[in-house]
Each structure stands twice: as structure tokens, then as C-alpha cells.
Amino acid sequence: MKNKTTNILLLLLFTPLVTQLNAQEYKYEVGIATGVNSYLGDANPAIPFATPGATAMVQARYNINFRMVAFVGVQYNLFRGNSNVAKTVFPQNSSSKFSTASILFTPAFEYNFYPYSDKYPFLQTKRLTPYISLGLAVGVGLANQAKPFVIPGLSGALGLKYKVANRLNLQLQLGGMHFFTDKLEGASNTTAFLNNPYGIAKQPWKGNDGAINVLVGITYEFGQQVKSCNNL
């Protein structure tokens, strides 16, 4: 009976500590990332990085706990395409090359496969973890000889993050975006035929444009979690 009572008291004593440590040491992160992207659409539906473009992102992140992160990014993309790459035959034997820029707002939710930290080993934390994310990609597209156009879409990613130091993190990420528009390559007069070249009825999840990208980034943590009065 005495041992049982002691175990209950210990559980009550350490439960608040474990609950507190379920949150990251620092609440917030800011960071930058850069890399290459690849347009996928009517001009090139299946050959990744055949006409690589550039991408760069700034991001702000909120660490919910060791496994979950909410973040928002502002991402610049330069998409390039060439209808001759995939050797697709279009009506009237048309062909074209293009480049389209976009600025995207990318709120997303991220999940770490392992508890992520360089501290608290008794919680089985790891300083290297794979992660997955899912979110939105909404913004504006810009091209020569064309008016700006809206780009709505979804984003997802698989990646690795590594804690270099207490506040510094490195990221390597393979991401993808599906857009609910077919205007990435058909925004100007010379490429308009690529906007649904076969006249097929489209669905939001089918027949539109997309992209994949590889990003390398670094983030810095700040905003230490509020500690309890016993300074644990």
C-alpha cells in the first residue's frame, strides 16, 4: 500500500514537468530556403526538372510541441517550360517555351516523425527527424504580355530537419504543388494554346498545372517558453 501511494505521488509530481516539456524550448522560428523547381503541366506532364526553374522562400514557424509545427511561408517561383521537351503532339503542331513567375502564400501544418530536440533525451527526442507537411499554395502569377492571374492550390512536402545547434536547424525538402488553374504556361498570347490544348472538360483535381521543388533551408529559433516558478 505504501509503495502504491509513493508511485501515485511521484506521478502527480512529474506529470506537470512532462507536460511542459512536450512543448519545444523555443516557441518561434524564422528562416529562409532556396532551391530549384520544376513545372509539370500540358507542355511537360511527366519529366521532372527537364526545364528547371528557381525558387526561394521566407518562413515563420510556431512550434506547437516536439512533433507538430504550424508555419506560413512567402515563396517566389520562376517556372520554365518547353513543349518540345516531352515531344507531345499538339493540334496544328504548335509548340512554345515560356517562363512564368509566381508569388505564393503557403500556410501549412508539419508533423515530425520523431520528437525533435537536442535536449530531453529521457523523452526520446532526436536532433535528426523526417517530417511531412500539408497546406495551401495561393498567390499570383506574373508573365510577359499577360495580366496577373490568381493561382489557387495545395502543397505538400517530405523532408529532413537537423538541429545543428541549440537554435539553428537545417532543412532538406522535396515538395509538390497542385494548382487549380491551367494558366502557368498559357498566360500570354504566344502560349495560349497550352491552356487546355485538347478542349477536354477539366476537374479541380485533374487536368491542371503543378510543380515539384527541392529546397534547402535554415531556421533560427527564438521566444523561449515560459518556465514554471521552480525554473525547470
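The values are calculated or read from the model by the stated rules, or taken from the named source; none is laboratory data. Predicted model, so just to flag it, every value in this text is computed and none were measured. FYI the Cβ positions are ideal-geometry reconstructions off the backbone, even for glycines, and counts take in every protein chain you see. Just the protein is used for accessible areas: all its heavy atoms, side chains included, with ligands, DNA and RNA removed. Shrake-Rupley method; radii C 1.70, N 1.55, O 1.52, S 1.80 Å.
Condition check: assigned to a loop (DSSP other than H, G, I, E, B) and farther than 25 Å from residue 172 by Cα. Does residue 65 satisfy that?
In short, no.
Against the test of being in contact with a Ser or Thr (Cβ under 9 Å, 6 or more places away or on another chain), modelled with pLDDT of 95 or more and not acidic (Asp, Glu), the options 37, 44 yield a single qualifying residue, 37. Only one of the numbered conditions (1) of a type in the set (Gly, Ala, Ser); (2) more than 18 Å from residue 210 (Cβ to Cβ); (3) touching a Gly at 6+ places or on another chain (Cβ under 9 Å) is not met by residue 117, and that is (3). Each residue in the stretch 41-62 was checked for being of a type outside the set (Phe, Trp, Tyr) and not in a strand (DSSP E or B), and 11 pass.
Residues checked against (1) in contact with a helix residue (DSSP H, G or I) (Cβ under 8 Å, 6 or more places away or on another chain); (2) at pLDDT below 90; (3) open to solvent by less than 20 Å² (accessible area, probe 1.4 Å):
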| position | (1), (2), (3) |
| --- | --- |
| 98 | yes, yes, no |
| 102 | no, no, yes |
| 107 | no, no, no |
| 110 | no, no, yes |
| 114 | no, no, no |
| 131 | no, no, yes |
| 135 | no, no, yes |
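Where strands (runs of 3 or more DSSP E) fall entirely within the stretch 144-232, those with at least 2 residues that are open to solvent by less than 80 Å² (accessible area, probe 1.4 Å) and at pLDDT 95 or above are at 153-163, 168-179, 210-224.
Among the residues of the stretch 39-72, those that are among the hydroxyl-bearing types (Ser, Thr, Tyr) and farther than 18 Å from residue 217 by Cα comprise 39, 51.
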